[in-house]
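Before any comments, here is the structure.
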Amino acid sequence: MTEQIIENYKTDTIEAFRNYKKLAERAVEQVNEDEYFRAIDAEANSIAVIVKHLGGNLRSRWTNFLTEDGEKADRDRDSEFVTEADTRESLTALWETGWRALFDTLESLKIEDFGRTVKIRGEDFSVIKALNRSLAHTAYHVGQITFLAKHFRASEWKTLSVPRGQSGEFNAYLAENKGKTHYLEATREFSEKK
């Protein structure tokens with residue numbers, strides 16, 4: 001029973017991370033170059049900064065996850081909040097590096113690894129606590145990316161969720177297409193039919 005719970009947790013966590021990655025990327029696809037690098041005020045982060053920070057964080061946390069501190073010596077966290085010398089392409093590469101480290105590690109975890117302890121900045125974390133912490137951190141920043149993209153696109157925004165006022169229609173669409181498509185794909189297909 002316990003092994004099945006751990007396997008289910010692992011599968012659900014990987015799926016949640018994949019969904020957050022997909023949401024962020026669909027939001028980023030909608031913004032132009034200026035919007036990608038624009039901050040809405042002096043204290044705000046641009047989408048570019050959030051992409052850089054999240055990519056750097058994921059790379060640091062998930063590279064050699066079980067054997068090294070999650071705050072790698074080669075990580076310069078402060079530089080993640082500066083993008084003057086970066087391009088959209090260089091930031092996308094960093095983003096993909098971070099996500100690849102995460103997925104490679106998660107997929108390689110064995111049931112017995114979930115009982116282990118890892119370190120982040122010298123502090124002990126159970127593997128599950130580290131996973132939950134990273135998932136919450138990722139969701140937080142994906143929400144920021146989505147908010148900014150929607151703000152910049154305004155009336156041109158293509159929804160990533162159920163369109164306003166169409167929950168009933170969407171539920172009927174899901175019932176008709178049960179098991180045929182993933183929820184995120186279903187929202188996109190439903191929105192595009194309108």
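Just so you know, all these numbers are worked out from the coordinates, no wet-lab data involved. Everything quoted here is computed from the prediction, not taken from an experiment. Please note: Cβ atoms are built from the backbone with ideal geometry, for glycine as well, and neighbour counts cover all protein chains shown.
Computed on segment 98-165, with alpha-carbon pairs under 8 angstrom and 6+ residues apart, the relative contact order is 14 percent.
Treating only the Cβ of Lys, Arg, Asp and Glu as charged (+1, +1, -1, -1), what charge dipole size does the chain show about its Cα centre? Round to the nearest 20 debye. Provide the component values of the computation, followed by the final result.
Working: 29 positive and 34 negative charges, 113 e Å.
Rounded to the nearest 20 debye, it is 540 debye.
Fully extending the segment from D124 to H182 would add 17.3 nm, taking 0.36 nm per residue of separation and subtracting the current Cα-Cα distance.
Of all chymotrypsin sites (Phe, Trp or Tyr not before Pro) in segment 111-194, which ones are in loop regions per DSSP and have a Cβ with at most 15 other Cβ atoms within 10 Å? Intermediate values should be presented prior to the final figure.
Numbers: sites: F114, F125, Y140, F147, F152, W157, F170, Y173, Y183, F190; in loops: W157.
Answer in residue order: W157.
Projecting label points 7 angstrom from Cα along Cα→Cβ for D76 and E189 puts them 4.7 nm apart.
Derived from the Cα gyration tensor, the three semi-axes of the equivalent ellipsoid of the chain are 30, 26, 12 Å, largest first.
Once you keep just the Cα pairs under 8 angstrom separated by 6 or more residues, what percentage relative contact order results for the chain? Before the final figure, lay out each step's value.
Details: 194 pairs, mean separation 52.1, N = 194.
Rounded, it is 27 percent for the chain.
Do the alpha carbons of any pairs in K158/K178; K21/K150; K22/K52; K22/K110 sit beyond 19 Å of each other, and which pairs? Let's see the in-between values first.
On the way: K158/K178 23 Å; K21/K150 16 Å; K22/K52 16 Å; K22/K110 25 Å.
Table pairs above 19 Å Cα-Cα are K158/K178; K22/K110.
Rounded to 0.05, the FRET efficiency of the N8 and R88 pair, given R0 = 41 Å and the Cβ-Cβ distance, is 0.65.
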